[in-house]
Amino acid sequence: MSTSPDPVPEGFLSFTEVALDRAGERLPGIDRSAMAMVLLLHRVASAIVYDLESTVHRPAGWSWSAFRMLFTLWICGPQEAGRCAELAGMSRAAVSSLAKTLEAAGLVQRTDDPRDRRTVVLSLTADGSDRLAETFGTHNRRERDWAGLLTAEEVATLNGILGKLAGAAQEQDWVRRR
């Protein structure tokens, strides 16, 4: 038996229109445009992450979180674990746990910081760097597939808008340290 007399959405992404309509009925006066922006942004980002994880990262033998950490170290070089967590958008506890797993897999090296023995510095091993570079090629081809759903002008506009949101969130200090 259905708990709602209205039709339910067909899937994850189609949920947005139903959510906008029902929220507007239940709370007249909501900002439908703002709700749509955040809900669509979140749902599309989640769909892209799921797609990348299932088609690229799981076949490579790691999770989306592992990719984020490896990619951060590949781009930035050796990092103190706390800084790596900040740059990868993860908690310190998650990075600590993941670093142990990736170290056991031979992809990451953990060393004590000579200036402060309580601090751990993370770096990619040669194998970690090679595997990340190989996997990132596949990852980027999939990013190109997603971007290919839009025109070049639409991609440039979307990148500009997302950059503006990111910059404003940073200025407002809405992006908190983890």
| message | Suppose only helical runs count, i.e. DSSP H with n ≥ 4. What mean residue ellipticity at 222 nm does that imply for the chain under -39500 (n - 2.57) per run, divided by all residues and rounded to the nearest 500 deg cm²/dmol? | response | -20000 deg cm²/dmol
| request: Quote the FRET efficiency, to the nearest 0.05, computed for ARG22 versus GLU143 with a Förster distance R0 of 22 Å and r equal to the Cβ-Cβ distance. | output: 0.10
| note | So the carbon and sulfur contribution to the accessible area of the chain, 1.4 Å probe, in percent, is 56 percent
| task | Report the label-to-label distance for PHE15 and GLN170 in nanometres (one decimal), using points 7 Å from each Cα along the Cα→Cβ vector. | result | 3.1 nm
| note | The farthest towards the positive end of the charge dipole of segment 66-146, of the residues THR101, GLY137, ILE75, given +1 on Cβ of Lys and Arg and -1 on Cβ of Asp and Glu, is THR101
| query | Using the beta-carbon distance between ALA126 and ALA36 and R0 = 45 Å, what value does 1/(1 + (r/R0)^6) give for FRET efficiency, to the nearest 0.05? | reply | 0.45
| task | Using a/c under 1.5 as the rounded threshold, could you call segment 81-178 rounded, prolate or oblate? The axes a ≥ b ≥ c are square roots of the C-alpha gyration tensor eigenvalues, and prolate needs a/b larger than b/c, oblate otherwise. | result | oblate
| message | Could you work out how much longer the chain between VAL155 and ARG117 gets when fully extended? Use 0.36 nm per residue separation minus the Cα distance between them, nm to one decimal. | response | 9.1 nm
| message | Of THR119, TRP64, LEU52, which is farthest towards the positive pole of the chain's charge dipole, taken about the Cα centre with +1 and -1 on the beta-carbons of Lys, Arg and Asp, Glu respectively? | response | THR119
| field | 5 angstrom amide H check on VAL108, placed H, neighbours 5+ away | value | GLU103, THR125
| query | Between SER46 and GLU134, what is the FRET efficiency for a Förster distance of 22 Å, r being their Cβ-Cβ separation, to the nearest 0.05? | reply | 0.30
| note | Listed residues MET90, MET37, MET69; largest mean-square fluctuation, Gaussian network over the chain with Cα springs below 10 Å, found at MET37
| Which of (1) 32, 20, 17; (2) 42, 17, 12; (3) 37, 20, 18 is the computed semi-axes √(5λ) of the Cα gyration tensor in Å for the structure on display? | (3)
| Assigned charges on the beta-carbon of Lys, Arg, Asp, Glu; the chain dipole about Cα centre (debye) | 640 debye
| said: Per residue, how much accessible surface does the chain expose to a 1.4 Å probe? Answer in Å², no decimals. | reply: 67 Å²
| note | Restricting to Cα pairs under 8 Å and 6 or more apart, the percent relative contact order of segment 1-136 works out to 18 percent
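The values are calculated or read from the model by the stated rules, or taken from the named source; none is laboratory data. What you see is a predicted model, and the numbers here were worked out from it, not measured in a lab. Note that we place each Cβ from the backbone using ideal geometry, even for glycine, and neighbour counts take in every protein chain shown. For the accessible areas, the whole protein counts, side chains as well, though only heavy atoms, and no ligand, DNA or RNA atoms are used. Shrake-Rupley method; radii C 1.70, N 1.55, O 1.52, S 1.80 Å.
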